[in-house]
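Take a look at the structure below.
The values are calculated or read from the model by the stated rules, or taken from the named source; none is laboratory data. No experiment lies behind these values; they were computed from the predicted model shown. A quick note on method: Cβ atoms are made from the backbone with ideal geometry, for glycine too, and the neighbour counts reach across all protein chains shown. Remember, those area values only see protein heavy atoms, side chains included, never the ligands or the DNA or RNA. Shrake-Rupley method; radii C 1.70, N 1.55, O 1.52, S 1.80 Å.
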Amino acid sequence: QVQLVESGGGLVQAGGSLRLSCAASVRTFSSYTMGWFRRAPGKEREFVATISMSGSSTYYADSVKGRFTISRDNAKNTVYLQMNSLKPEDTAVYYCAAKRSAGFPARTESLYPYWGQGTQVTVSS
């Protein structure tokens, strides 16, 4: 049983920052590769960022490079997404995802068996 719960979403003005959290209820969090995806209105869900099991490696979509930072705290079973310089096009429901396989980077949805419910991020202009 794997449970993922996102939090930290909300309304923010363009240029602002937001920090998302994903709490994982798993036996061994350090055995999971974690990722963030998002789905904007009228669009398919897209890859945002991923982090390796130990946190030593990260990978980002081109659209968020230099603005977003993914990190994890294995002692707290939590993965984070720090979002800076937010743009209206970042508006989306953000999802946390997990997989046990170590293959990295992984940016396709089908590679992640476990998903959270999502948290809404709205960036106003």
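Lysine pair count for the chain (Cα-Cα distance under 23 Å; residues 8 or more apart in sequence or on different chains): 5. Cα centroids of segment 7-36 and segment 79-125: 8 Å apart. List the pair-distance distribution P(r) of segment 1-79, using every Cα-Cα distance, as the percent of pairs falling in each 10 Å bin from 0 up to the bin containing the longest distance, rounded to whole percents. Pairs per bin, as whole percents: 16, 48, 31, 5. Computed extension gain for GLU89 through ARG19, at 0.36 nm per residue and net of the alpha carbon distance, reaches 23.5 nm. Per residue, the average separation of C-alpha pairs within less than 8 Å and at least 6 apart gives the chain a relative contact order of 36 percent.
With protein chains left intact and a 1.4 Å probe, residues in the chain average 51 Å² of accessible area per residue.
Can you classify segment 61-116 as rounded, prolate or oblate using the Cα gyration tensor, where a ≥ b ≥ c are the square roots of its eigenvalues, rounded means a/c under 1.5, and otherwise it's prolate if a/b beats b/c and oblate if not? Prolate, because a/c is 1.5 or more and a/b exceeds b/c.
Each residue of segment 105-114 was assigned a 3J(HN,Hα) from its phi angle through the Karplus curve 6.51 cos²θ - 1.76 cosθ + 1.60 (θ = phi - 60°); the sequence is x, 10, 10, 10, 4, 5, 7, 10, x, 10 Hz, with glycine and proline shown as x.
Once both labels are positioned 7 Å from their Cα atoms along Cα-to-Cβ, the gap between GLN120 and VAL5 label points is 2.0 nm. Taking the 1.4 Å solvent-accessible surface of the chain as the whole, the part contributed by carbon and sulfur is 44%.
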